[in-house]
Amino acid sequence: MSQAQDYDSDDGMDGFMDNFTKHKYKGAFNESNWEEEFDKVPMFMKTAPEEIDPKKHPELACLQSIIHDDDRPPEEQAKALKDEGNEYFKEKNYKKAIVSYTEGLKKKCQDSDLHAILFTNRAAAHFHLGNMRSALNDALAAKKLKPDHLKALTRGAQCCIELCNFSEALQWCEEGLKVQPKDQKLQELRAAADKFKRTAERDARKAKVKEKKERVQRDSLLRAIKERGIKLLKPDKPIRHGSDDEDEHESMTKAMAEFELDGLSCQEATGFKVHLDDQGFLHWPVLFLYPEYGQTDFISSFNECDRFVDHLAVMFGEELPPWDVDRKYHPQNLQLYFDDEKGELLQFDPEMSLLKVLKNDRCFVKDGTPSFIVLVKGSAFCKMFLSGKTVHQLK
Amino acid sequence: MLSDTEAKELLSFLTLETRPDVKGQATEYILGLTGTRDGCRYLQSKPDFIKALLTLTSDPSVAIVKDCYHALINLSADETLHQVLVKDANILPSLFHNLLDPTYMFSDRICTILTNLSRHEKTCKNVFRVLQEEGIGLPKIVEVLCTEDYNKKASLHYLGPLLSNLTQLPETRQFVLDRERCVVQRLLPYTQYEASTVKRGGIVGTLRNCCFDYANHEWLLSDAVDILPFLLLPLAGPEELSEEENEGLPVDLQYLPEDKTREEDPDIRKMLIETLLLLTATRVGRQILKRKNVYPIMREFHKCEKEPQVISACEKLVQVLISDEPDTGMENLMELDIPEDIELKFRDMDAKEEEQIGKEALMRAEADKNNLEVPRS
């Protein structure tokens, strides 16, 4: 423009500029949503939208239809979709790749080679996403169309290995090696699958041996308990002495098994359970109860041959427990009782062994842990505790 | 034997066009001839008869075809007839092609003939050559061997000994031991193939022959092939080994179940031990076998073994496993100079063994001819 016009347009400009301030520009981007709007313009899209609605994105739909022109023969369309999928695959955009391949497969073109490749490529995409089953299915479909498609056979073998289906993996490798006997990848896969398979078989054998050993140990433990005539109490009802009677044996064994299955609940509480040592002696977890002060002591492994006095000497011999405020729980003052939970007590001499006490008719083991009550001879609490209860003596 | 006119007349009856009853009688007569040594020798000079037999294997009558194959089996059991069978009558191409037909019901008989023909090196070379010329090749044979139920009407177990015989030739061993392919690895599981002693024996024989080439020992013992467990498993029993001994074993031999049984055929047991012994030829081989606890397996094996020949083989192996390393210069036992008298002894032993196997084949052929039930296990 010439200078003269500039001068003139300045005035005009003012008027022109005025319009801007007064009237809003139609179709302008809004400050709050301009990024969104930007994304809708195909040129500025950072990512393609999942679905292209021609109404919302007419320009994009237009572009897509150029790629996916439905007037072209299916083979061409399928090939274009395959290429599109491959592009996404290269970008590691496996989900999009799968979409493209799937579209390609829908075209149902007559070219079985192309079809097989679409399946194989989709299998690869699934594989990289960790969808082993889908990948395997696709490899299988590819194989059906083209039994000698090496990539499909290799992929199938890989999927089977990931799924720990080693026998099947070996079959895929065999087929592949028939097609291409010198294929290094297949040979490696085969060797790997074989190794995994044989290791898995060994692990199964090892587990079986371990299970058997545990079963044998369990059986001998239960037998030992039964032989001693020790009664195990299920939560519901006590069991009678084991005898030679078939039925009783049955119920005893069953009860023993249930005893096992109950998980020997003490195990959860204390982590200890009765066991048989190398010399054939039972060791029990034993609970001592001090009702006077609401205290307990737990012996994790009380040999059945041990005498109570010996344990009491250790527990109370040197130092008295802090809760014994009267300082009266000396070993020689202590009395031991078994509570049959029906209001009757069995008192026994602490000089006796655990086994002797447990064998007694009135005794039973509840929750896998024999427990005994400790009172101080002649104490006020003792008198009160014993009043109204029948006390039997174990000789 | 027959006069010239009689022979001519008989030959004229041995055509596909002949009346069935006459045809049948003629083939029966030939079969009878093949049952005797003199008969076989007579037929050696009459290749036309053998050609006729081959033609008649396409006969519609199953009975006639059976007789023809029996006759051919008998003939093939006699080494002096090999040349006339293979060269003059040229039976190999047709045999091979029928063998590969998955529906052919006489394939087992073909296998037996081929096994007989490949027994001795000379004809074995012919068999191998024709196998190549007919475009079949070893890969196909191995493939068929490894395909269970390839042929629903024939077991094809004799492909095992056939392959074993073929490994007399370096070309076959080379193929089996080809590192770029997967051949020997596919054969290994068959050392425990319960369905057939014949096939199992053939595979073990194949492996043993392949172990004569000590250059491959390290590869065979490596993870790429891992031959050791497959040789040891048939020799391992249910006896419990200590935890320590177990952990040192190859994976396949750990924690074997209580019902594990050993290989029941003493010859196969012996071959397995011989193969292991071959693998101790190099220092590396010995080290690997020692490290993988082969000794405890053989120790338990020795306690249970009763056959003297097998015991002695076992003792030889154990001796190597528990001895110290030999002096320098003697590390590779295969490169030692063996004194001639000892070498002759070995050859003699081998020859005796082969004769034994040949006898067995002949016995089977005879039994077949008489339609006796010979257990095919």
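The values are calculated or read from the model by the stated rules, or taken from the named source; none is laboratory data. Everything numeric in this text was worked out from a predicted model, so none of it was measured. A quick note on method: Cβ atoms are made from the backbone with ideal geometry, for glycine too, and the neighbour counts reach across all protein chains shown. Accessible surface areas use protein heavy atoms only, side chains included; no ligands, DNA or RNA. Shrake-Rupley method; radii C 1.70, N 1.55, O 1.52, S 1.80 Å.
Numbers for the structure displayed
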quantity: Complete set of residues in the stretch A:174-196 that are more than 9 Å from chain B (Cβ to nearest Cβ) and surrounded by fewer than 17 Cβ atoms within 10 Å (Cβ to Cβ); calculated: A:Val179, A:Gln180, A:Lys185, A:Glu188, A:Phe196
quantity: Residue list for the stretch B:76-128, filter: assigned to a loop (DSSP other than H, G, I, E, B) and polar (S, T, N, Q); calculated: B:Asn90, B:Thr103, B:Ser118
quantity: Test: B:Ile64 is under 17 Å from B:Val84 (Cβ atoms), open to solvent by less than 40 Å² (accessible area, probe 1.4 Å) and at pLDDT 90 or above; calculated: no
quantity: Failed criterion for B:Cys146 (all others in (1) within 14 Å of chain A (Cβ to nearest Cβ); (2) out of contact with any Lys or Arg (no Cβ under 7 Å at 6 or more places or on another chain) hold); calculated: (2)
quantity: From B:Leu56, B:Leu14, B:Leu75, B:Leu100, residue being within 25 Å of the chain's Cα centre (by Cα), outside the structural domain of B:Arg129 (by TED's automatic domain parsing) and of a type outside the set (S, T, N, Q); calculated: B:Leu75
quantity: Residue tally, condition open to solvent by 40 Å² or more (accessible area, probe 1.4 Å), part of a helix (DSSP H, G or I) and of a type in the set (D, E, K, R), over the stretch B:294-314; calculated: 2
quantity: Whichever residue in the stretch B:177-189 is of a type in the set (A, V, I, L, M, F, W, C) and assigned to a helix (DSSP H, G or I) and, among such residues, is nearest to the other protein chains (Cβ to nearest Cβ); calculated: B:Leu188
quantity: Qualifying residue in the stretch A:201-217 (condition: closer than 30 Å to A:Lys366 by Cα, more than 12 Å from chain B (Cβ to nearest Cβ) and in contact with a Leu (Cβ under 7 Å, 6 or more places away or on another chain)); calculated: no
quantity: Hits in the stretch B:134-168 - residues which are more than 18 Å from B:Ser196 (Cβ to Cβ), in a loop (DSSP other than H, G, I, E, B), open to solvent by 10 Å² or more (accessible area, probe 1.4 Å) and touching a residue at least 12 places away in the same chain (Cβ under 8 Å); calculated: B:Glu134, B:Ile136, B:Gln168
quantity: Test: residue in the stretch B:365-376 that is more than 21 Å from the chain's Cα centre (by Cα) and modelled with pLDDT of 70 or more; calculated: no
quantity: Hey, A:Thr154 among the polar types (S, T, N, Q), crowded, with 18+ Cβ neighbours inside 10 Å and more than 30 Å from B:Leu221 (Cα to Cα) or not; calculated: no
quantity: Answer from B:Gln174, B:Gln192 - the residue that is open to solvent by 30 Å² or more (accessible area, probe 1.4 Å) and away from chain A (no Cβ under 14 Å); calculated: B:Gln174
quantity: Residue ID - nearest to the chain's Cα centre (by Cα), chosen from residues in the stretch B:223-251 that are within 12 Å of chain A (Cβ to nearest Cβ), without any contact (Cβ under 8 Å) to a residue 12 or more places away in the chain and surrounded by fewer than 14 Cβ atoms within 10 Å (Cβ to Cβ); calculated: B:Asp223
quantity: Filter result (surrounded by fewer than 22 Cβ atoms within 10 Å (Cβ to Cβ), away from chain A (no Cβ under 12 Å) and part of a loop (DSSP other than H, G, I, E, B)) within the stretch B:204-222; calculated: B:Phe212, B:Asp213
quantity: Filtered residue count, the stretch A:263-285, keeping only those that are modelled with pLDDT of 55 or more, open to solvent by less than 60 Å² (accessible area, probe 1.4 Å), within 15 Å of A:Pro370 (Cβ to Cβ) and not in a strand (DSSP E or B); calculated: 2
quantity: Qualifying residue in the stretch B:255-262 (condition: open to solvent by less than 60 Å² (accessible area, probe 1.4 Å), more than 14 Å from chain A (Cβ to nearest Cβ) and either in contact with a helix residue (DSSP H, G or I) (Cβ under 9 Å, 6 or more places away or on another chain) or not small (Gly, Ala, Ser) (or both)); calculated: yes
quantity: Those residues of the stretch B:279-290 which are open to solvent by 30 Å² or more (accessible area, probe 1.4 Å) and either within 14 Å of chain A (Cβ to nearest Cβ) or touching a residue at least 40 places away in the same chain (Cβ under 8 Å) (or both), in sequence order; calculated: B:Arg283, B:Val284
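For every residue, the table says whether it meets (1) assigned to a helix (DSSP H, G or I); (2) over 20 Å from B:Ser76 (Cα atoms); (3) open to solvent by 80 Å² or more (accessible area, probe 1.4 Å); (4) aromatic (Phe, Trp, Tyr).
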| residue | (1), (2), (3), (4) |
| --- | --- |
| B:Met1 | no, yes, yes, no |
| B:Glu6 | yes, yes, yes, no |
| B:Thr18 | no, yes, no, no |
| B:Asp21 | yes, yes, yes, no |
| B:Gly24 | yes, yes, no, no |
| B:Leu31 | yes, no, no, no |
| B:Gly39 | yes, no, no, no |
| B:Lys51 | yes, no, yes, no |
